[in-house]
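Participant: Below: one structure in structure tokens.
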Amino acid sequence: MALFQTHELSRQSRKFEPWLFTAMVITSVLPLMISRYFVTLDGPAHLYNARVILEIILGKNSEIPALFTINPLPVPNWSGHFLMVLGSAILPAWLSEKVVLLAYFILTPLFFRKLVLHLYPQNQLLTYPIILFTHNHLFYFGSFNMAIGIMLMFLTGFVFVRYLNRLNIKNALILGVLLLSVYFSHAMILMITIGFIAALALITTPRKYESGSVTFTAPNSMIRRLILIALAALPSMILLVLFFGSVDTLEPATRPDLPMLFQWIVDVRPLLALAYNDRWTFWTNLLFGSFMLIIISNLILVIRHHVVWADGKIKLTTPVNLSWVWFLCWFIFLFLFLIVHNSIVLIDRLIIVFFLFFILWLASLRTHRVIRIAALLIVVVVHLVFTSLYWKTMPVLSKDAIAMEKASAHIPDNSLVLTLSESDNWLHQRITGYLGADRPIAVIENYEAGLEWFPVKWNQKVYDLNFLAHYGVNNIDVAGWTYINKEDSTCFSLKNIRNELKPIPWVLTMHDLSSPSVLKDSVLQNMLNHHYEKVYSEGFCNLYQLKD
């Protein structure tokens, strides 16, 4: 039996269509399965911090808890780390990460499809676009916790409409746990999820149509569901208020102008994760065109069946459904996307949420069968084209991650490691996380530890780490005046809080082979040449050990 079932289909469709959806989902996970590592921007940092948390809990190696501590505040962004902590306790790190990502790629379209087919069982062909959006640009930025939050949002929505249709303690507890899981994934997605299930409460309340208007036949049912949502959301909302009251998550960022933002919509920016040029926007523009065809087809059907001319007046008869609720949702996120001030990747987050609700709205519309089939064919073609891009890219990046893994084999447990990166590849910015993902190694590079909304923080009780407690610190920019101390210029070192020096016995350098090295003839290279010995070199990285 196919993994993804459908309802109210013709006999032939019921036989073949679920297998097509299943095949597309399997195709979407192939880039994850063909190589050892699936490299994203922040993914290596998440995986390394899962190891850090595990080592702090086990308490076997002193250098990691001397450098890092667990954030005492119950912050979001825990879910991905927690799952990889559990996985890393019994599996190799690369496999732990793969299991988490595999669950995301499979369960997100599964829960989306189950929700849509519960609400609109005739629109199974309009559930396919969600498969494309699992590979979005923020996912490749490494926003695993937001990705997991979106998956949990669709799970929560489906469970709510399918099983939690009565106000009682059991349902409030189940819904409350689901919302807490969303909170510990992503704060913004939690707020959206609460609004999402409120919209579902409106849509699934029994109703009838009278003279073109909607009348709810059981308004008390909707009120009880809203009370259920409010009670269930209370614990997560308390945590949310505590979090925003304690942490300033706003970081100013440049905002694109309006023409560029509208271009992002037409180009379907979330799908252009690894390449944004005419070669790839041709396919995303084609996809956007198919979305417009669905809308036009729906308008034609509405006009044909529900707009009549009588007595010199235009009258609207019974509407098809409450799809205007989803229209309102995506319009709100479009408005926010176009007008809010940017903060880190806020605009990038809003455009993804906009498209998620946009395709949910499309899946709620009545559309001509020919248009649905044509849109499906375009989705399949675009899916295969972009999957080929991921297929070609990941093995190359995985080779770089494996080089990190091999370098770590030369480093003893409980060692301090300094990383100096001069690679221009944006997907190399956090790749040193793989250096300690499977080993108890204290890597002096961890962008998450400088941000208050992640589970791991710099430990200020052992070493003087004030310079590392600021977001954006790059080791190669500060190494000359931070890790080379005049009290002992024969090694890189860290100062502890008593102003004593701790030698750093291991240094890993990364260099983009296609560009000139900035380390050459620098004080950093002189330090490596005179006081360290190269013990490993492969591809773009070199590992040095302090000489006796």
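Table: residues versus (1) at pLDDT below 95; (2) surrounded by 22 or more Cβ atoms within 10 Å (Cβ to Cβ); (3) touching a Lys or Arg at 6+ places or on another chain (Cβ under 9 Å); (4) among the polar types (S, T, N, Q).
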residue: Met1; (1), (2), (3), (4): yes, no, no, no
residue: Gln5; (1), (2), (3), (4): yes, no, yes, yes
residue: Ser10; (1), (2), (3), (4): yes, no, no, yes
residue: Ser13; (1), (2), (3), (4): yes, no, no, yes
residue: Pro18; (1), (2), (3), (4): yes, no, no, no
residue: Val29; (1), (2), (3), (4): no, no, no, no
residue: Leu41; (1), (2), (3), (4): yes, no, yes, no
residue: Asn49; (1), (2), (3), (4): no, yes, no, yes
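Every residue, every condition in (1) over 25 Å from Tyr120 (Cβ atoms); (2) surrounded by fewer than 23 Cβ atoms within 10 Å (Cβ to Cβ); (3) more than 19 Å from the chain's Cα centre (by Cα), yes or no:
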residue: Val340; (1), (2), (3): yes, yes, yes
residue: Asp348; (1), (2), (3): yes, yes, no
residue: Ala363; (1), (2), (3): no, no, yes
residue: Arg366; (1), (2), (3): no, yes, yes
residue: Arg369; (1), (2), (3): no, yes, yes
residue: Ile373; (1), (2), (3): no, yes, yes
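Participant: Okay, moving on. When you scan segment 324-374, how many residues do you find that are within 13 Å of Trp264 (Cβ to Cβ) and free of Cβ contacts under 8 Å to residues at least 24 places away in the same chain?
Facilitator: Counting residues in segment 324-374 that are within 13 Å of Trp264 (Cβ to Cβ) and free of Cβ contacts under 8 Å to residues at least 24 places away in the same chain gives 1.
Participant: Before we move on, is Ala449 free of Cβ contacts under 8 Å to residues at least 40 places away in the same chain, closer than 30 Å to Leu73 by Cα and not polar (S, T, N, Q)?
Facilitator: On the way: free of Cβ contacts under 8 Å to residues at least 40 places away in the same chain: no; closer than 30 Å to Leu73 by Cα: yes; not polar (S, T, N, Q): yes.
Considered against the rule, which asks whether it is free of Cβ contacts under 8 Å to residues at least 40 places away in the same chain, closer than 30 Å to Leu73 by Cα and not polar (S, T, N, Q), Ala449 comes out as no.
Participant: Taking Ile223 as meeting all but one of (1) farther than 23 Å from Phe357 by Cα; (2) more than 24 Å from the chain's Cα centre (by Cα); (3) modelled with pLDDT of 90 or more; (4) not acidic (Asp, Glu), write down the number of the exception.
Facilitator: (3)
Participant: Which numbered condition in (1) within 18 Å of Met510 (Cβ to Cβ); (2) of a type in the set (Val, Ile, Thr); (3) out of contact with any strand residue (DSSP E or B) (no Cβ under 8 Å at 6 or more places or on another chain) is the only one that Thr432 fails?
Facilitator: Result: Thr432 fails condition (3) only.
Participant: While we're looking at this one, here's another question. Mind checking which helices (runs of 4 or more DSSP H) fall wholly inside segment 12-118 and carry at least 2 residues that are more than 24 Å from Ser388 (Cβ to Cβ) and of a type in the set (Val, Ile, Thr)?
Facilitator: 43-58, 79-90
The values are calculated or read from the model by the stated rules, or taken from the named source; none is laboratory data. Please read all numbers here as calculations on a predicted model, not as lab measurements. Methodologically, a virtual Cβ is constructed for each residue, glycine included, from the backbone with ideal geometry; neighbour enumeration extends over all protein chains shown.
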